[in-house]
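The values are calculated or read from the model by the stated rules, or taken from the named source; none is laboratory data. Small disclaimer: the values here were computed from a predicted structure and weren't measured. Ideal geometry is used to build each Cβ from the backbone, glycine not excepted, and the neighbour counts take in all protein chains shown. Each accessible area value is taken on the protein alone, full model and side chains, heavy atoms only, with ligands, DNA and RNA left out. Shrake-Rupley method; radii C 1.70, N 1.55, O 1.52, S 1.80 Å.
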Amino acid sequence: MKHDFDSIYEEKNAPAAQPKIALVTGASRGIGLAVAKELAKAGYHLYLTCRRSGDILTDVSQRLSEAYHVRCKAIVADMGNPEDVTRVFAEIEDLTLLVNNAGISYVGLLHEMSVDAWREVMRVNLDSMFYCCRLAIPLMLRRHAGKIINISSVWGRVGASTEVAYSASKGGVDAFTRALAKELAPSNIQVNAIACGVIDTDMNSCFSAEDMMLLREEIPADRIGQPSEAAKLLLSILNAPDYLTGQVITLDGGWT
């Protein structure tokens, strides 16, 4: 039986920690930006992607690098495009953390939704996660360690009227998370997800002030969540025991 003093001895003689390196998709704003800031504070070297806001992401990268003395590279890429994802990973030689955050929403009646709009939601929200994971996993297997955290939504569990495609895509994220966690657990790679409720991001700009007020009234915490809270939860997952895997953790102020 191992005694406490044996554990203390092992901790003192543990090998030096390897560099922490993370890829965060959709990092130019909202939750992705907040996550990038928290990771930089925690000493992670960062690869950050976005699809359109290259100038903003470059500025963010420079600021984080200067403030926290980490390496930070901004890459403009469509993570729902497998060729773009391959180009991103061509620059990454080592990886300890993948944060699949890139996502879009769609609000409208399902019978009025075009096939192209449906495919775009699935491409960005679900396919991008597959493309990133399939290339990140071999890098983590070399270490026999790694973490993947997917940003999901409470709608993936309970569904939302007029957001059927978005709900379906996030339900896919949740199932993907649980299944991949089982597949990678023997390799000491943990896979978890954060299911966000209403968070104050540009994704909610399609709703009126009145709509947002009505949403707030439904939330027991009596407020909208902040991107920084999602980022802090993500950091707490990173600091949790490795036995935590395959979980979809809800952050919604007690709403659902």
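Brief remarks on what is shown
- Solvent-accessible area of LEU235, all protein chains in place: 40 Å² (probe radius 1.4 Å, heavy atoms, ligands and nucleic acids excluded).
- Solvent-accessible area of ASP59, all protein chains in place: 70 Å² (probe radius 1.4 Å, heavy atoms, ligands and nucleic acids excluded).
- Pairwise Lys count, the chain - Cα closer than 12 Å, eight or more residues apart or different chains: 4
- Residue-count net charge about THR86 - beta-carbon cut-off 14 Å; Lys, Arg +1, Asp, Glu -1: -3
- Using alpha-carbon coordinates, inclination of helix 128-143 to the longest axis of the chain, degrees: 0 degrees
- Taking SER205, SER65, SER169 and ordering them by how much accessible surface each has at a 1.4 Å probe, largest first, produces SER205, SER65, SER169.
- Whole-angstrom gap from the stretch 183-256 to the stretch 126-182, using each part's C-alpha centre: 14 Å
- These residues, HIS45, HIS69, go from largest to smallest accessible area, 1.4 Å probe, as HIS69, HIS45.
- Accessible surface computed residue by residue for the chain, with neighbouring protein chains in place and a 1.4 Å probe, gives 52 Å² per residue.
- Degrees, to the nearest 10: 30-41 long Cα axis against longest axis of the chain: 20 degrees
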